[in-house]
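Below: the structure, in structure tokens.
The values are calculated or read from the model by the stated rules, or taken from the named source; none is laboratory data. Quick caveat: nothing in here was measured; it's all calculated off a predicted structure. FYI the Cβ positions are ideal-geometry reconstructions off the backbone, even for glycines, and counts take in every protein chain you see. Please note that ligands, DNA and RNA were not included when accessible areas were found on the heavy atoms of the full protein model with its side chains. Shrake-Rupley method; radii C 1.70, N 1.55, O 1.52, S 1.80 Å.
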Amino acid sequence: MKKHSETESVSTQISYIFNTSELRLSRFELKVKTYNGQGQFKEATYAFDDAPVKIGALNDENHIVLHDETVSRRHCEIVREGDSYLLRDLESTNGTFVNQVKIKEVFLNEGLEYQVGNSTITFEPISEEISIQPSPKKRFGKMIGQDLKMREIFTIIEKISNTDTTVIIEGETGTGKDVLAQSIHEHSRRASKPFVVVDCSAIPEHLIESELFGHEKGSFTGAFITRKGLFEQAHGGTIFLDELGELALDLQPKLLRVLETHKIRRVGGLAETAVDVRVIAATNRKLEDEVKAGRFREDLFYRLSVVRIFLPPLRNRMSDLQLLLEHFLRTSSFNQTQQNRLKLNTVSEEAFRLMLAHNWPGNVRELINVVERACTLAESQTLRPQDLPPHLQRSEFLDHAQTEISSKTTEQNNAIDLHTGDLELTRSIPKEEDTLNEKTSDSPFRHFFADEETTESEREFEDFKLAKERWISLFEKDYVLTALKRSSYNISHAAREASIDRKYFRKLMHKYDIEVP
């Protein structure tokens with residue numbers, strides 16, 4: 001148990017208010033005035049990032065230790081309830097008092113005083129809202145983006161990385177939640193310690209408690225040895241709970257207890273083991289809706305929601321498409337030859353238009369797969385439309401792309417040579433409110449596209465929304481069939497290889513009447 005001294009400097013808890021440009025910095029102080037029975041007293045002030053905070057006479061289990069015969073070993077604690085703090089008596093011998101009234105629990109307000117033995121403790125919250133200034137950087141760790149939303153996120157995680165604040169990352173499948181979690185860990189004081197990933201959707205329900213908390217020998221059939229759980233393996237480092245929304249309801253109170261006490265109890269064991277871990281969680285579900293539906297505990301939701309970060313889908317940050325393409329072509333092993341040369345070093349303007357018009361339901365993960373496929377199939381050093389998957393080659397997409405791009409850019413036919421030195425990266429669709437303070441070319445396509453003649457399609461095309469839905473359906477059906485064939489029609493293996501939840505994969509099979517032969 002980590003105790004706080006009155007001179008210790010602690011980090012600040014940060015909560016991100018989504019869809020605003022503000023951060024709420026919050027922490028609280030406890031001012032302790034201890035009387036010695038002779039009219040004299042001693043004062044001390046303790047600052048905390050977050051609850052729980054335990055108060056008592058036992059050295060190893062309390063954040064504030066009071067050497068007083070009238071104070072129980074575990075006397076009281078402060079816990080978080082949503083955006084409020086709750087003072088709770090822990091069945092102490094002599095009780096906890098507010099205004100000379102013995103309490104079991106009470107919500108803490110600014111300036112509230114309560115008595116623990118011969119000490120009077122005053123609760124003082126500290127809160128400040130500051131404006132977010134988007135980061136001037138185009139990357140944070142392995143995260144890449146120059147879109148305004150991404151640079152605001154970079155600002156937030158720069159502030160929280162070196163704290164122990166719990167973080168929830170929300171966003172669609174394929175947006176890079178795991179990459180963001182790893183980037184936060186690598187920029188924290190825990191970077192040299194383990195980063196343990198837990199896929200809550202991939203572990204069978206009857207095994208997940210053992211996986212998380214470990215088990216004792218003989219605790220269940222097949223438990224031939226004592227085994228450490230993932231929380232113990234992550235001791236000193238970070239545990240990443242991926243797809244948290246899939247966690248079974250009956251296991252959620254146990255996770256909440258670990259977050260509050262920083263202790264785990266192995267399956268079949270009696271002793272508790274202290275663990276020092278930072279928790280980062282991710283989900284593609286809307287946890288507020290899960291709470292309302294009764295599938296996710298409200299108290300666990302509030303305990304985890306110290307910082308909530310929403311990663312935007314790729315279709316909402318298409319200004320990053322060119323930057324991402326350049327990065328994947330430069331750095332990915334699938335674009336490297338055995339002589340360490342690049343297989344693809346240019347992208348045709350027509351291919352880029354097709355990609356810009358696509359809705360990217362699989363987000364950045366889908367983009368990586370498309371680029372890898374092109375690197376495998378391309379017959380030249382230029383990524384051309386014929387190197388893209390069939391659902392991106394449709395003429396409807398090309399017609400829309402040409403209309404979209406021509407209204408926003410000046411067509412140019414220059415090439416990008418990825419073998420040469422650093423290139424000046426520019427936005428594919430510049431926005432006035434999102435321009436970085438750097439030199440940019442007149443056109444976002446300058447130094448990006450291969451020399452190539454482009455022709456306008458004269459074919460009529462249907463309503464964009466209908467066309468998009470139709471081709472997405474074709475893509476989904478083709479993708480599911482291909483995934484099943486690659487895995488010999490093993491649904492669990494196909495879903496895992498596609499990084500799709502098995503339940504959602506079955507839903508897609510039902511949607512398109514796909515059956516396993």
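Quick notes
- Among the residues making up region 331-381, those that are of a type in the set (S, T, N, Q), more than 26 Å from PRO312 (Cα to Cα) and either open to solvent by less than 40 Å² (accessible area, probe 1.4 Å) or assigned to a helix (DSSP H, G or I) (or both) are SER333, ASN335, ASN345, THR346, SER348, THR376.
- Selection within region 173-198 - of a type outside the set (S, T, N, Q) and open to solvent by 60 Å² or more (accessible area, probe 1.4 Å): ASP178, GLU186, HIS187, ARG189, LYS193, VAL197
- Residue within region 97-115 that is modelled with pLDDT of 90 or more and open to solvent by less than 10 Å² (accessible area, probe 1.4 Å) present: yes
- Among the numbered conditions (1) at pLDDT 90 or above; (2) over 20 Å from the mean Cα position of the chain (by Cα); (3) open to solvent by 30 Å² or more (accessible area, probe 1.4 Å), the only one that ASP242 does not meet is (2).
- Residue match in region 131-147 (condition: touching a strand residue (DSSP E or B) at 6+ places or on another chain (Cβ under 8 Å), buried (at least 21 other Cβ atoms within 10 Å of the Cβ) and either of a type outside the set (S, T, N, Q) or closer than 19 Å to LYS33 by Cβ (or both)): yes
- Look at (1) among the aliphatic types (A, V, I, L, M); (2) part of a loop (DSSP other than H, G, I, E, B); (3) surrounded by 15 or more Cβ atoms within 10 Å (Cβ to Cβ) and you find that LEU270 fails only one, number (3).
- Options GLU110, GLU77: the member that is acidic (Asp, Glu) and within 31 Å of the chain's Cα centre (by Cα): GLU77
- Qualifying positions in region 14-52 - over 17 Å from LEU112 (Cβ atoms), of a type in the set (Ser, Thr, Tyr), crowded, with 18+ Cβ neighbours inside 10 Å and modelled with pLDDT under 85: SER15, TYR16
- In region 285-321, the residues that are assigned to a strand (DSSP E or B), open to solvent by 20 Å² or more (accessible area, probe 1.4 Å) and at pLDDT below 90: ARG308
- Single condition LEU58 does not satisfy, out of (1) modelled with pLDDT under 90; (2) under 29 Å from the mean Cα position of the chain (by Cα): (2)
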